[in-house]
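Quick note: the coordinates plus some simple rules give every number you see, no bench work behind them. These numbers come from a predicted model, not from an experiment. Here the Cβ positions follow ideal geometry from the backbone for every residue, glycine too, while neighbour counts run over all protein chains shown.
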């Protein structure tokens with residue numbers, strides 16, 4: 001079961017007056033690692049000690065060598081385990097002379113760095129080493145451990161570096177980047193729909209920047225690590241400015257699918273790969289729900305059924321019961337339904353456009369990368385995807401239309417048909 005903490009207890013203040021430095025502009029492009037040492041001196045004194053949090057490897061060695069030109073370097077390396085990095089992040093103790101945390105890796109490792117930087121009030125530099133993540137700029141640290149997944153309010157990085165030459169030449173990583181970019185269309189839709197309900201209709205939902213990134217990927221013959229890296233770097237910045245873009249129904253369902261795989265002692269695919277499976281069913285579920293709106297009666301969610309479903313991904317019955325009771329009431333459900341009815345035509349139109357884009361992109365991903373053994377064959381059944389959609393609301397995250405559908409009592413009834421869309 002997930003835990004949520006609003007803040008991480010700081011053991012040291014960030015600045016004497018409690019303020020935070022203005023974030024540095026990103027370093028982005030092939031070979032920009034050479035500029036990292038100079039940029040770091042703007043957020044920490046030259047010659048001071050920096051703590052590098054990374055996994056050992058060729059790219060990590062290059063990062064460490066660059067940092068060592070102007071800083072003394074200590075390193076913390078997590079053990080290679082399938083249990084996540086929560087215990088590792090909590091165990092890291094920077095020395096008293098450490099003035100800077102540098103997290104070099106994928107999104108999971110960077111989240112460990114965010115946790116440490118927030119806990120000890122230190123500046124944070126992120127060096128992205130995977131093109132398959134879009135949460136490098138966000139302030140949330142999601143850490144999975146033996147006792148479940150915790151989401152913590154941490155810090156946004158002071159500096160983020162995207163050097164495409166450090167990314168792996170991996171068809172799977174490129175496919176995951178492709179998938180996570182396309183599924184941000186669902187995140188943008190959720191941001192728009194829930195913005196209408198909550199009175200944020202004038203806020204930018206992020207559709208424009210997501211659509212631009214997806215269009216560039218779809219127009220390429222075969223996206224390589226530089227093209228996918230550019231797209232996810234752009235989306236990472238967008239997620240930092242608008243945290244709702246990092247969540248949404250597809251991301252929540254993908255998280256549930258990963259929990260389902262782990263409950264069976266199976267290794268889940270990368271988040272972007274899983275979002276390829278959940279994005280299209282989610283948007284079709286949204287379209288089906290919106291079609292009911294003119295005569296939508298509100299029904300009570302079936303708590304017993306949800307307890308049974310949650311048990312299938314090994315959430316304890318006591319934690320599951322608390323989760324259901326905590327989320328049973330949605331303030332203003334009738335008002336939400338009324339507003340969605342008012343905007344139904346626009347919402348349905350957006351659903352149809354996104355559905356067509358996702359259907360095309362899913363086929364394209366499978367076709368582009370199947371020549372090197374990349375495949376979803378035997379990975380997940382329609383039943384698995386349906387269960388993931390049904391349990392998406394039990395994953396902690398931002399607002400999404402799927403939560404309104406659950407509270408209206410329609411989620412379980414709609415997921416069966418929507419799940420057939422994932423093939």
Stretched fully, the stretch from residue 212 through residue 333 gains (0.36 nm per residue minus C-alpha distance, one decimal, in nm) 40.2 nm
Expressed as a whole-number percentage, the relative contact order of segment 3-166 with C-alpha contacts under 8 angstrom and at least six residues apart is 33
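Would you please classify the overall shape of segment 50-99 from the alpha carbon gyration tensor, given that a ≥ b ≥ c denote the square roots of the eigenvalues, rounded means a/c under 1.5, and beyond that prolate means a/b larger than b/c while oblate covers the rest?
Cα axes put segment 50-99 in the oblate bin.
Is segment 101-171 best put as rounded, prolate or oblate by its Cα gyration tensor, with a ≥ b ≥ c the root eigenvalues, rounded for a/c under 1.5, and otherwise prolate when a/b is larger than b/c, oblate when not?
Oblate is the answer for segment 101-171, as a/c is 1.5 or above yet b/c matches or exceeds a/b.
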Descending packing, highest mean Cβ count within 10 Å first, for 116-124, 348-356 is 116-124, 348-356
Mean Cβ-within-10 Å packing, highest first, puts peptides 232-238, 55-61 in the order 232-238, 55-61
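Can you tell me the order of 184-195, 383-394 when each peptide is scored by its average per-residue count of other Cβ atoms within 10 angstrom, highest first?
Numbers: 184-195: 26.4, 383-394: 23.8.
Final packing ranking: 184-195, 383-394.
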Restricted to segment 3-166, the DSSP antiparallel beta bridge percent, nearest 5, is 20
In terms of the alpha carbon gyration tensor, root eigenvalues a ≥ b ≥ c, rounded if a/c is under 1.5 and otherwise prolate when a/b exceeds b/c or oblate, segment 182-261 is oblate
